[in-house]
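What follows is one structure encoded as structure tokens, with my remarks underneath.
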Amino acid sequence: MGVAIFLVIVVVVIGVPIVIYNRLVSSRNAYHNAFAQIDVQLTRRYDLIPNLVETAKGYLAHERGTLEAVISARNAAVAGLKGAAAAPGNPAAVATLAGAEGALGGALGRLLAVAEAYPDLKANQTMAQLMEELTSTENRVSFARQAYNDAVLDYNNSREVFPNNLVAGTFGFSPAAMLEIESPTKRAAPEVKFG
């Protein structure tokens, strides 16, 4: 009887931390995977922007500053994405990406506002198609960001509850940061109106 009790205690003392550790690893992998989906959608978005700028360039020759601002913001966002993809959940990397995304959203908004003043550009089929793809991608980014934030919330909750917090602290499971854009206007997908 004493040996059975001893074996139960050993199984609990060794088994419970193993189960907790495995759940934490699964949760961490889930938010890493969710970030990979953001990576895919943002990369698609970044790939559309040079085509958009190139299409607009002929019509907006004297709006060179706006076009350069979009390209500069895109390049900063690409760099931010690379940093965040290397360390999904890292608060500094995610904050850098969020800031770069906010700047890119603002630059794209200025480009769209300028484009409204050019009827020939608004009527351009390539421009209209690119804008539609960009809007669709913005929606996909929004859904991917929500899935990532949900996975981060699940992971952070998992690592903070008792007794998981003991295992998380022992094995270095650090908190993950959500990807949040600062202002509600920056969270909205750019509105595209041609016609």
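The values are calculated or read from the model by the stated rules, or taken from the named source; none is laboratory data. Bear in mind that the values here come from a model prediction, so they are computed numbers and not experimental data. Positions of Cβ are generated from backbone atoms using ideal geometry, with glycine treated the same way; all protein chains shown enter the neighbour counts.
Points to keep in mind about this one:
- When A177, A117, A128, A113 are checked against the criterion of being aliphatic (A, V, I, L, M) and surrounded by 19 or more Cβ atoms within 10 Å (Cβ to Cβ), a single residue qualifies: A177.
- Looking across Y31, Y46, one residue alone is farther than 17 Å from K82 by Cβ, modelled with pLDDT of 90 or more and aromatic (F, W, Y). It is Y31.
- The set of residues in the stretch 96-131 that are more than 28 Å from M178 (Cα to Cα) and basic (K, R) contains only K122.
- Candidate set from the stretch 22-48 (those that are surrounded by 15 or more Cβ atoms within 10 Å (Cβ to Cβ) and small (G, A, S)); member that is farthest from A76 (Cα to Cα): S27
- Within the stretch 49-66, tally of residues that are hydrophobic (A, V, I, L, M, F, W, C), in a helix (DSSP H, G or I) and surrounded by 18 or more Cβ atoms within 10 Å (Cβ to Cβ): 4
- Residue match in the stretch 22-45 (condition: over 30 Å from T126 (Cβ atoms) and more than 25 Å from the chain's Cα centre (by Cα)): yes
- Residue within the stretch 157-172 that is at pLDDT 90 or above, within 25 Å of A76 (Cα to Cα) and surrounded by fewer than 16 Cβ atoms within 10 Å (Cβ to Cβ) present: no
- Note on the stretch 79-95: residues that are out of contact with any Asp or Glu (no Cβ under 8 Å at 6 or more places or on another chain) and surrounded by fewer than 19 Cβ atoms within 10 Å (Cβ to Cβ) amount to 9.
- The number of residues in the stretch 140-158 that are within 13 Å of P175 (Cβ to Cβ) and not small (G, A, S) comes to 6.
- In the stretch 1-58, of all residues being touching a residue at least 40 places away in the same chain (Cβ under 8 Å) and in contact with a Lys or Arg (Cβ under 8 Å, 6 or more places away or on another chain), the one that is nearest to D154 (Cα to Cα) corresponds to S27.
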